[in-house]
Ligand code: KIV
């Protein structure tokens with residue numbers, strides 16, 4: 001099986017909306033480089049998020065905060081170069097969309113122009129509504145990211161489940177409705193109670209994409225390194241590993257080392 005869909009048309013934000021109306025779940029993964037993006041695009045993924053989780057997975061930082069706009073553009077360009085079908089959504093990194101709409105628009109335009117991406121993802125609610133409005137008004141599709149917002153880790157001090165108490169759940173619902181009203185084409189809901197994600201998804205006409213938000217969201221996203229089992233250190237409850245690439249790659253490397261040491265590689269057939 002090479003693909004899960006016969007529909008090779010480029011996925012648009014409108015297609016995601018249609019999928020929600022039809023009750024078809026939306027599949028999303030992150031990617032940060034050309035080869036990984038090519039594999040998942042050809043496999044039929046609906047959307048690729050070039051997440052600022054690249055800060056952790058590609059650079060080895062402890063948080064998403066240090067990754068720069070230039071680094072995000074570099075990763076986004078690599079993914080765009082590989083992608084034919086999936087919608088490519090790029091994270092605005094920490095500090096580029098935080099209460100100065102003109103500055104935010106400049107950063108947004110840089111990502112769109114220099115990477116060729118289809119859309120942006122922005123963490124935050126009411127506090128950055130003017131920034132989001134400015135960017136959408138400029139013709140740039142925006143996906144909102146609410147619930148657990150890793151860029152705010154220093155404010156919250158924990159990656160625990162959000163929206164558990166009534167006050168936080170109410171603010172989350174209000175932020176979701178506001179983002180829809182501003183024109184966001186979708187919302188990532190990270191690490192919130194399943195019941196709340198289902199309720200939000202029912203109230204909105206735009207699709208929700210959950211990560212640690214249960215099956216009631218309109219789609220699901222996972223970080224590709226976690227989902228492929230390349231990362232052994234991260235095992236949250238919501239993660240399902242679909243492969244064990246860490247073991248496969250370790251064994252392949254050890255096999256190669258042994259062959260080199262034993263002069264088993266290269267063979268005559270592999271030589272000129
Ligand atoms: O940065 C990221 O990878 C994300 C996804 C988990 C949605 O925000």
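You will find that of 33, 7, the residue that is modelled with pLDDT under 95 and surrounded by fewer than 20 Cβ atoms within 10 Å (Cβ to Cβ) is 7 and no other.
Among the residues of segment 22-34, which ones are touching a residue at least 24 places away in the same chain (Cβ under 8 Å) and either within 14 Å of the ligand (Cβ to nearest atom) or more than 13 Å from residue 83 (Cβ to Cβ) (or both)?
Initial filter on segment 22-34 (touching a residue at least 24 places away in the same chain (Cβ under 8 Å)): 25-34.
Once the filter is applied, which keeps residues that are touching a residue at least 24 places away in the same chain (Cβ under 8 Å) and either within 14 Å of the ligand (Cβ to nearest atom) or more than 13 Å from residue 83 (Cβ to Cβ) (or both), segment 22-34 yields 25, 26, 27, 28, 29, 30, 31, 32, 33.
Among the residues of segment 35-46, none qualifies, meaning not one is touching a helix residue (DSSP H, G or I) at 6+ places or on another chain (Cβ under 6 Å) and either within 11 Å of the ligand (Cβ to nearest atom) or not assigned by TED's automatic domain parsing to the domain that holds residue 117 (or both). The set of residues in segment 237-272 being in a loop (DSSP other than H, G, I, E, B) and either touching a helix residue (DSSP H, G or I) at 6+ places or on another chain (Cβ under 8 Å) or surrounded by 11 or more Cβ atoms within 10 Å (Cβ to Cβ) (or both) consists of 238, 239, 240, 241, 242, 243, 244, 264, 265, 266.
Restricting attention to segment 213-236, the residues being out of contact with any helix residue (DSSP H, G or I) (no Cβ under 9 Å at 6 or more places or on another chain) and either modelled with pLDDT of 95 or more or farther than 20 Å from residue 58 by Cα (or both) number 4. Checking each residue in segment 179-193 for being buried (at least 16 other Cβ atoms within 10 Å of the Cβ) and assigned to a helix (DSSP H, G or I) picks out 179, 180, 182. Considering only residues of segment 217-228 that are within 21 Å of residue 33 (Cα to Cα) and part of a loop (DSSP other than H, G, I, E, B), which is farthest from the ligand (Cβ to nearest atom)? Only one residue fits best here, namely 228. Kindly provide the set of residues from segment 121-156 that are assigned to a helix (DSSP H, G or I), within 16 Å of the ligand (Cβ to nearest atom) and touching a residue at least 60 places away in the same chain (Cβ under 8 Å), ordered by number. 150, 151, 153 - these are the residues of segment 121-156 that are assigned to a helix (DSSP H, G or I), within 16 Å of the ligand (Cβ to nearest atom) and touching a residue at least 60 places away in the same chain (Cβ under 8 Å). Quick one: is residue 231 within 14 Å of the ligand (Cβ to nearest atom) and surrounded by fewer than 19 Cβ atoms within 10 Å (Cβ to Cβ)? Yes, satisfied.
The values are calculated or read from the model by the stated rules, or taken from the named source; none is laboratory data. Model, not experiment: these values are computed from the prediction. Because the Cβ atoms are built from the backbone with ideal geometry, glycine has one as well, and the counts that use them run over all protein chains shown.
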